[in-house]
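Engineer: If you scroll down you'll find the structure; I have some questions about it.
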Amino acid sequence: MRVAVFGDAHAHAEALEAVLGAAADADELWSLGDMLGGGPDPARALRLTRSRCRVALVGNHDYGATGSVDPSRLGELGARSVELAREQLTEEELGWLRRRRPAARREGVQCWHGSPRNPVWEFVGPSNAGACLAAQRAPIGLVGHTHVASAWAASAGGRARAVAVRVDEPLELGDGKWLLNPGAVGAPAPSPLGWWAGLDAQAAALWLELDLEARTATWRRAPFDPRPARERARALGLDRAP
């Protein structure tokens, strides 16, 4: 079984569509949350995710759209985009979003938006990857939220070993315990240049091809043109850069 895993589309429709097109041959698609927040296309991103994904987790920005999280916690850009989502989504769609969860288990794989210890808010990184792997029960765990593609392998003494991620090079998972992050679809890793400048520089959406039979993980990059989304964002007051 081949699964396409992605997360953090953040209301960027072209980026999400690029991943869906690149992953068209996968047996299932799993979204790790944050469909919304930041970009100009919340309704389009949610509808694509809902119609195509077997697993659709909710993230902290998605909770903002349901009213479960104070939008001010999401930053100015996130809060404005969440307001836009509330304007665009129907009551039925908001009801569907409220029924989502930030964690799931499917095909023996555990999935969280944030981490095994806090599925909504915790970022997995070097300082806590070992503790997160200790909390994980399945051999393979998947997280989003950081926007950074990463692979952590459990090692002796409750520690985690970081393994380099190389796009298009399969990573053999073997029999160990792994915690994997596909990277972000519609939002770059944090950049001092700002959200949109980082998106322009990235110009490619990241996703993970997970072969559950062969036990391999392969990170993929789906190119897209970020300019149309940025133009829509400026028109909506989501980008004030000149």
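The values are calculated or read from the model by the stated rules, or taken from the named source; none is laboratory data. Worth saying up front: this structure is predicted, and the values here are computed from it rather than measured. In this analysis, Cβ positions are derived from the backbone assuming ideal geometry, glycine residues included, and neighbour counts consider all displayed protein chains.
Engineer: Is the stretch 106-128 home to any residue that is among the β-branched types (Val, Ile, Thr), in contact (Cβ under 8 Å) with a residue 24 or more places away in the chain and in a loop (DSSP other than H, G, I, E, B)?
Structural biologist: yes
Engineer: Out of the stretch 1-27, which residues are without any contact (Cβ under 8 Å) to a residue 40 or more places away in the chain and among the charged types (D, E, K, R)?
Structural biologist: ASP25, ASP27
Engineer: Let me ask something else. Confirm whether VAL69 is surrounded by 22 or more Cβ atoms within 10 Å (Cβ to Cβ) and of a type in the set (A, V, I, L, M, F, W, C).
Structural biologist: no
Engineer: What number of residues within the stretch 23-43 are under 26 Å from GLU231 (Cα atoms) and surrounded by fewer than 19 Cβ atoms within 10 Å (Cβ to Cβ)?
Structural biologist: 1
Engineer: Report, ordered by the first and then the second residue, all pairs with beta carbons closer than 7 Å, sequence separation of six or more or different chains, a first member in the stretch 209-228 that is surrounded by fewer than 17 Cβ atoms within 10 Å (Cβ to Cβ), and a second member that is modelled with pLDDT of 95 or more and among the small types (Gly, Ala, Ser).
Structural biologist: Filtered contacts from the stretch 209-228: PRO223/ALA18.
Engineer: Listed residues LEU84, LEU94, LEU46; which is in a helix (DSSP H, G or I), touching a residue at least 12 places away in the same chain (Cβ under 8 Å) and touching a Phe, Trp or Tyr at 6+ places or on another chain (Cβ under 9 Å)?
Structural biologist: After ruling out the rest, the residue left standing is LEU46.
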